[in-house]
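Q: First, the structure itself, so that you have it in front of you.
Derivation of every value follows stated rules applied to the coordinates shown; laboratory data play no part. Just so it is clear, the model here is predicted, and its values are computed rather than measured. So basically every Cβ, Gly included, is an ideal-geometry build from the backbone, and we count neighbours across all protein chains shown.
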């Protein structure tokens, strides 16, 4: 008889723990109606071809039409993807996603002439049109950004070809996603009571936090053996993604994929390189923390599967979801009455899909559409990391919520560069709140351990990922071959650099690159580190200055993409064109580390 603990089917979960996507579309029939509507709206685009620059009226009308189509398409796409993410095995929603991707390719193709035509209009003429047509003023920042990228926008014909290629290019990440979320199967492993438990990605972290070292080791080995069995296939998808990035960066006249990616936020390569450089110089701090972890766990050797378990085991505890909601709400009270009121509305209004089920996409994210409230996907297991994840994702959700309430559609999407700031402000404030609420030495030590782990995972680990991405892209872009063995060697070498002699590495860790979905959103992960650093600064200002800092921060949350990301952050007092915010965050890490070292000496 099979006694393994099985994941529930989605239908077995209570409705109060599921998000309500009916707030976007009440039925698939309504989705199909809007699908056809977008196709009809696309037919209204062609009359403007070759005529956008003729008058201010034409310029405004095509931008307005483009926004209307984009808004409706985003609604279609988000719904389809989130429905698929509920259970990736349901063919109906696989089909909707496929239809949405096809429509997106058509959308990009039909509108591909718009940007080249606008860029061909002399700047003096655009300025004149802005004076003539008052409604155009809302597009001032948008038009400024277009002109900034003038050297990277191609002819109408070339833009159309690139648009047509997007559906083909997206198949690389789709293949990886379907394997990683729907087809991958892990073996059963022994739990702490010796019972057979089905290993899943959601349960993996819970196993890594187990006080039973043998449980940690077996789960760790089982996970990476499973990925290792598909090593060459997974290498092919990742390498294919790098080649895709190279194709688009070369086509758009960038010197590298990194430059092309950073230019989306008007960020220079120096910001990326300086981040890697300053974190590399501070690796002795990470090594010092690892020595403390090894000492606290009373281990002769520290292995990768020893990095996530609490080093104050007696204080570890499970947090029921209902308690987590209250903890997060209380922990963010310094953000003011209105923020907490809006936050609690999200908790009570089916914004959140809480628990793991068969076929559900792993991890956590926040997503939404301009015409509806945000949504949050979780795979809640009850650990403190899950509580922090709840605060983190609701930070994203509140950022979207305030932006959508304040900004016109054209500026309603937060740039990825600043997207992680709101989420990590929440984490930072929550940790500070929890530390301030206890005078128990052991509990404080437990909280400090978790803070240092969040820091390690968000800055040191993400910067290692960022360096990995840079190296493997440079390898392809310089004309060299890249194989599965190369990926494993590069990844293991970086682990040796970042973890030093404090961790005994094994061959399993060289496969970790295969389980990181963010590598298919290239040059994204470094923003976790810059976001965490910015958040550390902003949270410090809120705790120190109170209402004045909260006002600046809420203005930031309401700004969307109405200015360049670095400029928006400067308005909060954070200047990432310097290394100061990164070093300041590392100084906080050192301060918290010293506190934990002293506390552990008293236990």
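Q: Consider all pairwise Cα distances in region 10-175 and report the whole-number % of them above 23 Å.
A: 49 percent
Q: Equivalent-ellipsoid semi-axes (√(5λ), Cα gyration tensor) for region 278-349, whole Å, largest first?
A: One finds semi-axes of 36, 18, 10 Å for region 278-349.
Q: To continue, here is another question. Below 8 Å, C-alpha to C-alpha, sequence gap of six or more: please give me the relative contact order for region 40-129 in percent.
A: Relative contact order here is 40 percent.
Q: What does the highest-first list of 123-136, 400-413 look like by mean Cβ count within 10 Å?
A: 400-413, 123-136
Q: What is the extension gain from residue 340 to residue 128, computed as 0.36 nm multiplied by their sequence separation minus the C-alpha to C-alpha distance, in nm to one decimal?
A: Stretched fully, the residue 340-residue 128 segment lengthens by 71.8 nm.
Q: Can you tell me the length gained on complete extension of the stretch residue 291 to residue 497, counting 0.36 nm per residue apart and subtracting the Cα distance?
A: My answer for the length gained is 72.6 nm.
Q: Another question, then. Antiparallel DSSP bridges in the chain: what percent, to the nearest 5?
A: 65 percent
Q: A follow-up question, please. Go through 341-347, 418-424, 298-304 and give me the packing order, highest mean Cβ count within 10 Å leading.
A: Ranked by mean Cβ neighbours within 10 Å, highest first: 418-424, 341-347, 298-304.
Q: Going by average Cβ density within 10 Å per residue, which order do the peptides 257-263, 435-441 take, highest to lowest?
A: Most protected by this proxy first, the peptides run 257-263, 435-441.
Q: Report D for the chain in µm² per second (integer): Stokes-Einstein, Kirkwood Rh on Cα pairs, 37 °C, 0.692 mPa s.
A: D, rounded to a whole number, is 128 µm²/s.
Q: Next question, about the same structure. Would you compute, from DSSP H runs of 4+ residues alone, the mean residue ellipticity of the chain at 222 nm, taking -39500 (n - 2.57) per run and dividing by the full residue count, rounded to the nearest 500?
A: After summing the helix terms and dividing by residue count, I get -20000 deg cm²/dmol.
Q: Apply the Debye scattering formula to region 416-512, with a single equal point scatterer on each alpha-carbon and no solvent, then give log10 I(q)/I(0) at q = 0.17, 0.21, 0.22, 0.24 Å⁻¹.
A: The Cα Debye sum returns log10 ratios of -0.90, -1.06, -1.10, -1.18.
Q: Calculate how large, on average over all directions, the projected area of the Cα convex hull of region 455-603 is; give the answer in nm² to one decimal.
A: One quarter of the hull surface, i.e. the mean projection, equals 12.3 nm².
Q: When only C-alpha pairs under 8 Å and at least 6 residues apart count, what is the relative contact order of region 10-175, in percent?
A: Reported as a whole number, the value is 26 percent.
Q: In terms of the ratio Rg/(2.2 N^0.38 Å) built on C-alpha atoms, what value belongs to region 531-583?
A: Here the answer is 1.07, to two decimals.
Q: Mean separation of Cα pairs under 8 Å and 6+ residues apart, divided by the residue count of the chain: what relative contact order is that in percent?
A: Computed value for the chain: 18 percent relative contact order.
Q: In whole Å, what are the extents of region 174-317 along the principal axes defined by its C-alpha atoms, from largest to smallest?
A: 58, 40, 25
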